[in-house]
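**Q** First the structure, then my questions, so here it is.
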């Protein structure tokens, strides 16, 4: 039997609240730019459906993907997110709300052929893990599997991102920082000038990001205090990307995985020590 000093119900509650915040934020962002999904828009259904030929999932969800139904689907997702968060605050994490979240997220991923950022994908992972964990009996192996699924996906995301930067000369010497902040989409004039004028500082920032992401798997075995330290560093990192790169969803989606990672730390340490 798995021993844990951490209450999985609390982990579920905190994670669900964080997920609901991400759902509300991203739904509002999609609704604000909804003209992209209209006929003649950059992501119009007439264009999108050309990329979805012979996709069985898309065929099943096609009624939701057409306008105006897709825009109403975004409104429904917003309302479900609000309901999920409201119930979670009271200690209730409902699989009946998480199931439509997963379906709606898949529909949005199919409809948004322009590509979605990493925060959206990790939020979908959180939704799937929460759905499994909340539908399972308290303390069951299935509940554990749902929470560990979130934790493992989070750790792998950081590790893969860190290692991919580690093998890149541009990231190791800091020039990638300059390039990223020079772009129109993710750029920031002030940070670009600072990084471009101070290459040593740029390299220090780059190496710090590589070290944090590559070493993140240590959260599974270090003392819980150090695990919390990793979480603080992660929050600061994602806050910076939100402020300077406008990646707002990252500030919620990745920290939403931290409760499950903390739970995984408790489980792993109980096995090892």
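**Q** Out of (1) in contact with a helix residue (DSSP H, G or I) (Cβ under 7 Å, 6 or more places away or on another chain); (2) modelled with pLDDT of 95 or more, what's the single condition that is false for residue 244?
**A** Of everything listed in (1) in contact with a helix residue (DSSP H, G or I) (Cβ under 7 Å, 6 or more places away or on another chain); (2) modelled with pLDDT of 95 or more, residue 244 misses just condition (2).
**Q** Considering every residue within the stretch 222-229, establish whether at least one is surrounded by fewer than 20 Cβ atoms within 10 Å (Cβ to Cβ), modelled with pLDDT of 95 or more and not in a helix (DSSP H, G or I). Talk me through it step by step, then tell me what you get.
**A** Our first condition is that a residue be surrounded by fewer than 20 Cβ atoms within 10 Å (Cβ to Cβ); within the stretch 222-229, this holds for 222-226, 228-229.
With the extra rule that they be modelled with pLDDT of 95 or more, the set shrinks to 222-226, 228-229.
Adding the requirement that they be not in a helix (DSSP H, G or I) leaves 222-223.
Checked the stretch 222-229: at least one residue is surrounded by fewer than 20 Cβ atoms within 10 Å (Cβ to Cβ), modelled with pLDDT of 95 or more and not in a helix (DSSP H, G or I).
**Q** Could you go through the stretch 17-36 and let me know if any residue there is over 24 Å from residue 253 (Cα atoms), in a helix (DSSP H, G or I) and modelled with pLDDT under 75.
**A** Our first condition is that a residue be over 24 Å from residue 253 (Cα atoms); within the stretch 17-36, this holds for 35.
Now narrow it down to the ones that are in a helix (DSSP H, G or I): 35.
If we keep only those that are modelled with pLDDT under 75 as well, we get none.
No: zero hits.
**Q** Please work out which residue is farthest from the chain's Cα centre (by Cα), limiting yourself to the stretch 133-145 and to residues that are buried (at least 18 other Cβ atoms within 10 Å of the Cβ) and over 15 Å from residue 262 (Cβ atoms). Quick ask: steps written out before the conclusion?
**A** Keep residues of the stretch 133-145 that are buried (at least 18 other Cβ atoms within 10 Å of the Cβ), which gives 133-134, 136, 143-144.
Subsequent filtering for residues that are over 15 Å from residue 262 (Cβ atoms) retains 134, 136, 143.
Values: 134: 19, 136: 23, 143: 20 Å.
The residue in question is 136.
**Q** Shifting gears a bit: Go through the stretch 153-172 and report how many residues are over 13 Å from the mean Cα position of the chain (by Cα) and either touching a residue at least 60 places away in the same chain (Cβ under 8 Å) or closer than 20 Å to residue 216 by Cα (or both). Spell out how you get there, then give the answer.
**A** Initially, the stretch 153-172 is screened for residues over 13 Å from the mean Cα position of the chain (by Cα), giving 159-172.
Now drop any that are not either touching a residue at least 60 places away in the same chain (Cβ under 8 Å) or closer than 20 Å to residue 216 by Cα (or both), which leaves 159-168, 171-172.
The number of residues fulfilling the criteria is 12.
The values are calculated or read from the model by the stated rules, or taken from the named source; none is laboratory data. No experiment lies behind these values; they were computed from the predicted model shown. Every residue, glycine as well, gets a Cβ built from its backbone with ideal geometry; the counts of neighbours run over all protein chains shown.
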